[in-house]
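Okay, so here's the structure we're looking at.
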Amino acid sequence: MFIYYGCRCRGGILVNGYHIPEVSFQNLHPAKLSLWPMMFVTIACGAISGFHATQSPMMARCIKSEKLGRQAFYGAMIAEGVIALVWVAAGLAFYNGVPGLGKVILSKAGAAGAVFEISKSLLGPVGSVLAILGVIVCPITTGDTAFRSARLALADIIKYPQDKIKNRLILAAPMFAVSIFLTFVQFPILWRYMGWLTQAFAMVTLWACSVYLVKAKKNHWISTLPAVFMSAVCVSYILQAPEGFRVNAVFSNTVGIAAAAAFFLIFLNKIKNQDKSMKSAA
């Protein structure tokens, strides 16, 4: 539904003669924060998202074959990417570029206000209601799947059966308590931590995939190279981010790249040692 009305917004932008600004490689951030590594943490779910990886314990119970994982996970990433591009194009065209869109986003109305105004103007009353419902429903379902996946992952780790409701509540109750506590934290700060954590999850998952592919004797570079890149992003970001250690950008980026290189060398060394062990065993 959200994709459908997002595409209708896109159609409304084109039909009504709105102009979509040209792509620019200039740094248009209001506070002039550096593109590296900030952009790669800000743009998360539609690019590389560790949050999707956390859904594995639940999706493994829902799909009949591991081969369907590509459709379930990769398909979700593509869909989110399409949604993101549609709404970015609509926002830039409707508010005549980044400065206008930035003013609305930073105002009290926020992103939700921008979505409502665009939807109401381009889709009419009915379309705007459905679009706003999509904006509300998506976070609710996201929270639901996050709690469920966390519970299942924890249950798998400690080997705690989840066939009884009592067992589910024993694991879910502490997580609900933590989430209630987090509601007292300012949302923008919480959201930035979430952005970094989802990319950190992606980094760990990519390294895990690389290990699996090596053991399966398959092409591991498809996950190893992104893992190296995301390692540099995650380390650099948390060192210099306002919610992180606030270290100098040059130093942070240097340490981030060095850390990524170190992870890569350790990984290659593990592969080399594994090959030697396999040859010795043979």
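Things to note:
- Whether segment 78-193 is rounded, prolate or oblate, judged on the alpha carbon gyration tensor where a/c under 1.5 counts as rounded: prolate
- Exposed GluC sites (Glu not before Pro) absent: longest stretch of the chain, with sites in DSSP loops and at most 16 other Cβ within 10 Å deemed exposed: 23-242
- Taking other C-beta atoms within 10 angstrom as a stand-in for reagent exposure, PHE184, PHE267 fall in the order PHE184, PHE267, fewest first.
- Tensor-based shape of segment 186-273 (alpha-carbon gyration tensor, a/c under 1.5 rounded, otherwise prolate or oblate): oblate
- Between GLU66 and THR142, the C-beta separation translates, for a Förster distance of 30 Å, into a calculated FRET efficiency of about 0.80.
- Applying the Karplus relation 6.51 cos²θ - 1.76 cosθ + 1.60 with θ = phi - 60° to segment 221-226 yields 3J(HN,Hα) values of 5, 5, 10, 5, 4, x Hz, where x marks Gly and Pro.
- Among 166-177, 207-218, sorting by the average number of other beta carbon atoms lying within 10 angstrom of each residue, highest first, gives 207-218, 166-177.
- Cβ-to-Cβ counts within 10 Å put SER65, SER56 in ascending order as SER65, SER56, the fewest first.
- 20 Å cut-off, amide nitrogen to a point 7 angstrom out along PHE176 Cα→Cβ, residues in segment 101-143: 139-143
- Compared with the alpha-carbon gap, the fully stretched path from LYS272 to LYS218 is longer by 17.9 nm at 0.36 nm per residue.
- Based on Cα contacts under 8 Å between residues 6+ apart, the chain shows a relative contact order of 21 percent.
- Cross-link partners of LYS164 among lysines, defined as those whose alpha carbon lies under 27 angstrom from its own and excluding same-chain residues fewer than eight positions apart: LYS64.
- Across segment 186-273, the mean sequence separation of Cα contacts (distance under 8 Å, 6 or more residues apart), normalised by length, yields a relative contact order of 25 percent.
- Multiplying the residue separation of LEU265 and VAL185 by 0.36 nm and subtracting their alpha-carbon distance yields 24.9 nm.
- Of HIS29, HIS19, the sequence from fewest to most neighbouring Cβ atoms within 10 angstrom is HIS19, HIS29.
- Cα gyration tensor shape of the chain, rounded if a/c is under 1.5, else prolate or oblate by comparing a/b with b/c: prolate
Where a number appears in this text, it was derived from the coordinates with a stated rule and is not lab data. It should be emphasised that the depicted structure is a prediction, and the values quoted were computed from it without experimental measurement. As a convention, Cβ positions derive from the backbone with ideal geometry for all residues, glycine included, and neighbour counts pool all protein chains shown.
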